[in-house]
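One structure below.
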Amino acid sequence: MKFKTTHYHFDLLKDIERLSAFSKAIEEYTGNKELAFDLGCGSGVLSYFLSFYFDEIVSLEIDFKAYECAKNNLNSFKNIDVVNIDVLDFDFNKKADLIVCEMLDTALIDEEEIPILNYAKNFLKPGGEIIPQGIINAAELVNMQRNYVHWDENAIYEVYSPQVIYSQFNFKDEINPECEYDLSFKSNKEGIINGLKITTFTKLNDNLIAGPTPMLNPPLLIPLDEKKVKNNDFINVKLKYIMGNGIESIDIDYI
Ligand SMILES: C[S@@+](CC[C@H](N)C(=O)[O-])C[C@H]1O[C@@H](n2cnc3c(N)ncnc32)[C@H](O)[C@@H]1O
């Protein structure tokens with residue numbers, strides 16, 4: 001199957017690790033298979049995977065160019081309906097067995113996953129499932145080269161502490177996007193720290209967790225003031241952000 005799509009969605013398509021994680025989670029889904037929603041369907045590739053299992057798929061996409069591509073890509077599939085709309089404006093008149101919503105970005109800081117799911121899960125049948133099921137966030141202290149928030153692609157940094165898991169979300173729960181954490185680290189070498197690295201793991205289902213891939217939750221590096229540390233020092237950091245409000249919402253400091 002050939003997919004035509006925007007540059008951004010094409011980069012998503014080329015990320016084989018991301019695609020196989022979602023494809024496996026859809027294949028492993030064992031619930032009822034009458035209706036699935038694909039929220040933010042992009043190129044339509046996840047709707048295509050769903051089409052082999054579900055009687056009906058409703059695929060929503062806000063971006064007109066991506067929508068046009070998905071509509072063309074999927075026009076021979078009679079069980080898929082592609083709609084160009086903001087999920088928050090869609091009139092869900094039926095409940096689904098499965099919601100696929102892949103609006104993921106590291107720690108969900110820069111994506112709309114939470115407001116979308118907080119709304120859309122009202123239209124999930126009792127016992128229905130969401131893919132992905134949730135996320136797990138972890139952080140570690142680093143010495144990084146750049147003095148601004150950036151994703152770790154081509155970034156140079158050195159890790160100064162073990163990774164600490166600081167939050168987990170199950171997308172079936174009602175989620176408050178305002179996040180505030182007091183994080184405690186123990187440095188594992190002497191030197192200078194000046195940043196925090198956040199890594200998000202995607203829980204696709206009970207048995208499948210995907211680490212970051214080039215297009216799925218690439219780790220985020222956040223600057224902190226420089227601090228000299230020795231091996232085994234304790235360093236406490238307060239981290240705040242609002243999921244969905246972008247990297248500008250990040251507020252970080254030592255405690
Ligand atoms: C990370 S992409 C995933 C795309 C798709 N799963 C794929 O593989 O091509 C998220 C998609 O959600 C769409 N999106 C973001 N907010 C939306 C909203 N409020 N309603 C509908 N679509 C939305 C974006 O335009 C984007 O195409």
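The values are calculated or read from the model by the stated rules, or taken from the named source; none is laboratory data. In this text the structure is predicted, and so the values were computed from the model without any measurement. Methodologically, a virtual Cβ is constructed for each residue, glycine included, from the backbone with ideal geometry; neighbour enumeration extends over all protein chains shown.
What to note about this one:
- The strands (runs of 3 or more DSSP E) located wholly in region 150-255 that include 2 or more residues which are surrounded by 19 or more Cβ atoms within 10 Å (Cβ to Cβ) occupy 178-186, 191-205, 220-229, 234-242.
- Of all residue pairs spaced 6 or more apart or on separate chains, those with beta-carbon atoms under 6 Å, a first member in region 72-99 that is away from the ligand (no atom under 15 Å from the Cβ) and a second member that is in a loop (DSSP other than H, G, I, E, B) are ASP97/GLY31; ASP97/ASN32; ASP97/GLU34.
- Unique match (being within 22 Å of ILE85 (Cβ to Cβ) and out of contact with any Asp or Glu (no Cβ under 8 Å at 6 or more places or on another chain)) among PHE37, PHE10: PHE37
- Output for region 100-133, where each listed residue is more than 13 Å from the ligand (Cβ to nearest atom) and touching a residue at least 60 places away in the same chain (Cβ under 8 Å): ALA107, ILE109, PHE123, LYS125, GLY127, GLY128, GLU129, GLN133
- The residue that is surrounded by the fewest Cβ atoms within 10 Å (Cβ to Cβ), among those in region 93-113 that are part of a loop (DSSP other than H, G, I, E, B) and among the charged types (D, E, K, R), is LYS94.
- Number of the exception - ILE57 against (1) surrounded by 21 or more Cβ atoms within 10 Å (Cβ to Cβ); (2) among the aliphatic types (A, V, I, L, M); (3) within 9 Å of the ligand (Cβ to nearest atom): (3)
- Residues in region 20-39 that are within 12 Å of the ligand (Cβ to nearest atom) and more than 12 Å from LEU204 (Cβ to Cβ): PHE37, ASP38, LEU39.
- Exclusive hit being of a type in the set (Val, Ile, Thr), under 18 Å from the mean Cα position of the chain (by Cα) and either on the phi > 0 side of the Ramachandran plot or in the same structural domain as LEU98 (by TED's automatic domain parsing) (or both), set VAL58, VAL45: VAL45
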